[in-house]
Amino acid sequence: LSGQGAWTGIYNKSNSISTGTIQMNNNIIDSNSVASTGTFVGLQSDAAAYSKLYINGNRIANNNKLNTSAILNWIYQNSASTNSGDLFIEGNILDKDTVTITSANSNSPSVYGVRITGAKTGAVINIDNNTISRQFVKDINGANSVTLRAYHSAMITGQSPTENIYNNKISNLYISALPGNTGTHNILGIQSAGSATGGAFTKSIYGNKID
């Protein structure tokens, strides 16, 4: 896809009732070449109300995206409501995905493998047995800086989830700049950010392998 069009892999915008279940499992997003400058969605859920949300067993691999925006997510769960329940992101594979920064990009982009944000009041969040490998950001120009994160969470201030991050495999994350680039680049394997103030967080991070 070229031009200015949007590209969407799988996008759930619907809420369930607070006792309902949402499942986004066993999907394949593979070998797509996206050169358009419109909005990009890999696999994403914006559901704000649910009892349980499953994003399990998906494969996102061999994709190429020409990027002009400030943020790109391969798997993203965002809930803006305190009615969100337990979240399970398990057994997904992200492999050999490439983001090329265009020369027209005046942003300093952030690229995420798996990202969660929003309100998670009292929720249990399990991030486990995912494989994130060979993620590549290239052709960074000018003074732009890039941050590449395999996993990142950032919940709204004052919430109190239980976040369990375990048995994930993260390997071969790359950033490559063009000659003359003066930016500072960052690679992060697991970043559990959470609330800046308030919120009784419980976190367990164990058994992960990063190389």
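The values are calculated or read from the model by the stated rules, or taken from the named source; none is laboratory data. For clarity, every value in this text was computed on a predicted model and none was experimentally measured. Don't worry about glycine lacking a Cβ; one is built from the backbone with ideal geometry, like all the others, and counts go over all protein chains shown. These accessible areas exclude ligands, DNA and RNA; they are computed on the full protein's heavy atoms, side chains included. Shrake-Rupley method; radii C 1.70, N 1.55, O 1.52, S 1.80 Å.
Below, the figures for the structure above:
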quantity: Subset tally (residues that are at pLDDT below 95, buried (at least 17 other Cβ atoms within 10 Å of the Cβ) and aliphatic (A, V, I, L, M)) for the range 176-211; calculated: 1
quantity: Residues being in contact with a Pro (Cβ under 6 Å, 6 or more places away or on another chain) and part of a strand (DSSP E or B) - total across the range 109-125; calculated: 1
quantity: Residue satisfying condition, being in contact with a strand residue (DSSP E or B) (Cβ under 9 Å, 6 or more places away or on another chain), of a type in the set (S, T, N, Q) and open to solvent by less than 10 Å² (accessible area, probe 1.4 Å), within set 167, 130; calculated: 130
quantity: Subset of the range 79-108 (residues that are at pLDDT below 95, surrounded by fewer than 19 Cβ atoms within 10 Å (Cβ to Cβ) and part of a loop (DSSP other than H, G, I, E, B)); calculated: 80, 81, 82, 83, 102, 103, 104, 106, 107, 108
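Residue by residue, here is whether (1) within 18 Å of the chain's Cα centre (by Cα); (2) modelled with pLDDT under 90; (3) open to solvent by less than 80 Å² (accessible area, probe 1.4 Å); (4) at negative phi holds:
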site: 8; (1), (2), (3), (4): yes, no, yes, yes
site: 18; (1), (2), (3), (4): no, yes, yes, yes
site: 25; (1), (2), (3), (4): yes, no, yes, yes
site: 28; (1), (2), (3), (4): yes, no, no, yes
site: 39; (1), (2), (3), (4): yes, yes, no, yes
